[in-house]
Amino acid sequence: MPELGETKRGREIGIKDGSLYIWAACVDCGKERWVRLKKGRQPTSILCHPCSMKRANYHGHPKRELNHRWKGGRLTDMDGYISILLPTDSFFLSMATNRGYVLEHRLVVAKKLGRCLHPWEIVHHLNGIRGDNRAENLALTMTQYHEKYTLENALKKRIQLLEKQNKQLKEATNGN
């Protein structure tokens, strides 16, 4: 029987790959087994399979803080919006998704108002930066007004760009 901490190559212990393995014990139940080393330094798992399944959700992935990708309940989506995981006893839980996350900008405004937001209420980022969730950068609006805000911001940016280009053209013609 190998001793705890002993390392061997996979071929030496009957595994086809040449990766490095360590004889380790599960931190929950103490069951000893061979565990592959990640990048040759740290074990890929500190739990045996039965113990890891006890701690996992129905997809088999480790729950929240046990998952190696856990970031403290704060997610940023591809569009730049930030979501926050709410505790199960939160007053604002009715605003959350079925996974318990709520968009941070909606949560900031709801806390400022002291009530949950209705689904038809829209929170607009005044400066257009979706990750900037300061209370002074957020405005509560409804769909028809939000479209006006968005169009207004796009037009302001376009005007600034055209003014800059106009200035550059004037400087170029005055220089000749």
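Miscellaneous remarks
- Selected from R115, R158, R106 as most flexible by GNM, with the chain as the system and alpha-carbon contacts under 10 Å: R158
- With contacts taken as Cα pairs under 8 Å at a separation of at least 6 residues, region 7-66 carries a relative contact order of 21 percent.
- Neighbour counting of Cβ atoms within 10 Å sorts the residues R11, R99, fewest neighbours leading, into R99, R11.
- As computed over region 24-126, the Cα convex hull volume per residue (Å³): 152
- Two-decimal Rg/Rh across region 74-161, once Rg and the Kirkwood Rh are taken from alpha-carbon atoms: 1.01
- The chain: translational diffusion in µm²/s, Stokes-Einstein, Kirkwood Rh over Cα pairs, 10 °C, 1.306 mPa s: 74
- When the C-alpha to C-alpha distance is required to be over 23 Å, the pairs from K8/K39; K8/K54; K16/K71; K16/K38; K8/K38 that qualify are K8/K54; K16/K71.
- Applying a DSSP loop filter and a limit of 11 other Cβ atoms within 10 Å to the GluC sites (Glu not before Pro) in region 1-84 leaves E3.
- Annotation for region 24-55: trypsin sites (Lys or Arg not before Pro) lying in DSSP loop with at most 14 further Cβ atoms inside 10 Å of their Cβ are K31, K39, R41, R55.
- Note on region 7-66: Kirkwood radius taken over Cα pairs, Stokes-Einstein applied at 25 °C and 0.890 mPa s, translational D equal to 198 µm² s⁻¹.
- Crossing angle, helix 143-175 versus the chain [Cα axis fit, 0-90 degrees, rounded to tens]: 70
- Sorting C29, C51 from the fewest to the most surrounding beta carbons within 10 angstrom yields C29, C51.
- Listed residues G40, G114, G80, most fluctuating in the chain (Gaussian network, C-alpha, under 10 Å): G40
- Cross-link reach is defined here as a Cα-Cα straight distance under 17 Å, omitting same-chain residues fewer than 8 places apart; for K148 the lysines meeting it are K156, K157.
- Sequence-separation-based contact order of the chain, relative, with Cα cut under 8 Å and 6+ spacing, percent: 9
- Comparing V27, V102, V123 in a Gaussian network model of the chain (Cα springs below 10 Å), the most mobile by mean-square fluctuation is V27.
Just so you know, all these numbers are worked out from the coordinates, no wet-lab data involved. Note that this is a predicted model, so its numbers are computed, not measured. Reconstructed Cβ throughout: ideal geometry from the backbone, glycine too, with neighbour counts over all protein chains shown.
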